[in-house]
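This report refers to the structure that appears directly beneath it.
The values are calculated or read from the model by the stated rules, or taken from the named source; none is laboratory data. Model, not experiment: these values are computed from the prediction. Glycine gets a Cβ as well: all are built from the backbone with ideal geometry, and neighbour counts include every protein chain shown.
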Amino acid sequence: MDRRIDNWHSPRIGIDMPIVAYGWAGPPLLMLPTASADFLEYERFGMINTLAPFIDAGRMRVYSVNSINKYSIFDYGQSPNIRTALLTAYDEYIIQEVLPWIRNYSSDPWAMPVITGISMGGYTSANTFLKHSDVFRGLIAISGSYDIRSYFGDYYDDNLYFNNPVDYVPNLNDDYHLSRLRDRSIILFTGQGAFEDPSRTYQLSDLLNAKGISHWLDVWGHDVNHDWPWWHKAMPIYVNRLF
């Protein structure tokens, strides 16, 4: 499998942010990691091997980047205004740094990735997609939580609002965004077993339904836990559908 790692100092986040690319041809899939994980998480946990048949066949290229959740969402010792500002900085990093890199790497200046993530990556991928559906063609959000207010206590500001899907989606009324969201492929997955909370995915699904945004809500059984073996089963189903 073709594999390339690149790195640069992100001016928006202020740290080095590496990226890994897998594959030799095909439209892009951008993967955002879980919790505080790094750009090689999906490789370490075998997800890249799971997707190898699609990658090796040239059906897609896969890209993965670092998260900064350990600084934005989980760093309770940092001032909340700095943490919420980092949420916006990460969003800008994806759109203004990662997306141009992908387009340059694939020699396609109009490439529109599918974006995906698992667990906390489900949140970050959904948040990115819902705000930028004009540059992404699809979303696969797996076992995510789409309301992050509880991580910030009583603190609230514009940066938190604009990075909290359950807050801003109900107020999406402009035709520019709604028309594109209604034309995109959106998949929301949740299990109902240990450490899953399907109510979080149902909540986002209900908000999308209220806006007339079609999507596939795929709810698996009570034996389906918040864990990698189930994510390995689910991801190829959705990739096969979108690629």
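Of the residues contained in segment 139-151, none is found to be of a type in the set (A, V, I, L, M) and assigned to a helix (DSSP H, G or I).
Does Ala25 satisfy the condition of being small (Gly, Ala, Ser), within 15 Å of Arg61 (Cα to Cα) and surrounded by fewer than 21 Cβ atoms within 10 Å (Cβ to Cβ)? Step through it out loud before you land on a result.
Values: small (Gly, Ala, Ser): yes; within 15 Å of Arg61 (Cα to Cα): yes; surrounded by fewer than 21 Cβ atoms within 10 Å (Cβ to Cβ): yes.
When the stated conditions are applied, Ala25 passes them.
Does Gly153 meet the test of being buried (at least 23 other Cβ atoms within 10 Å of the Cβ) and of a type outside the set (A, V, I, L, M)? So Gly153 does not fit the description; no.
Could you go through segment 162-170 and let me know if any residue there is in contact with a Phe, Trp or Tyr (Cβ under 7 Å, 6 or more places away or on another chain), of a type in the set (A, V, I, L, M) and farther than 22 Å from Ile237 by Cα. Yes - at least one qualifying residue is present in segment 162-170. Could you go through segment 110-118 and let me know if any residue there is aromatic (Phe, Trp, Tyr), more than 19 Å from Phe195 (Cβ to Cβ) and over 10 Å from the mean Cα position of the chain (by Cα). Checked against the condition, which is being aromatic (Phe, Trp, Tyr), more than 19 Å from Phe195 (Cβ to Cβ) and over 10 Å from the mean Cα position of the chain (by Cα), segment 110-118 yields at least one hit. On the stretch given as segment 81-139, residues that are surrounded by 23 or more Cβ atoms within 10 Å (Cβ to Cβ), among the polar types (S, T, N, Q) and under 21 Å from Leu181 (Cβ atoms) total 6. Exactly one residue among Ala85, Ala194, Ala111, Ala89 is part of a loop (DSSP other than H, G, I, E, B) and out of contact with any strand residue (DSSP E or B) (no Cβ under 8 Å at 6 or more places or on another chain), and that residue is Ala194. So, Leu160, is that one in a helix (DSSP H, G or I) and at pLDDT 95 or above or not? Yes, satisfied. When every residue of segment 167-183 is checked against the conditions, none turns out to be over 16 Å from Leu207 (Cα atoms), free of Cβ contacts under 8 Å to residues at least 24 places away in the same chain and surrounded by 14 or more Cβ atoms within 10 Å (Cβ to Cβ). Scanning segment 206-243 for residues that are surrounded by 14 or more Cβ atoms within 10 Å (Cβ to Cβ) and of a type in the set (Lys, Arg) returns a single hit, Lys211.
Pairs linking a residue in segment 214-236 that is part of a helix (DSSP H, G or I) to a residue that is aromatic (Phe, Trp, Tyr), with Cβ atoms under 8 Å and 6 or more positions apart or on different chains, are Trp228/Phe45; Trp230/Trp220; Ala234/Phe189; Ala234/Trp220; Pro236/Phe54.
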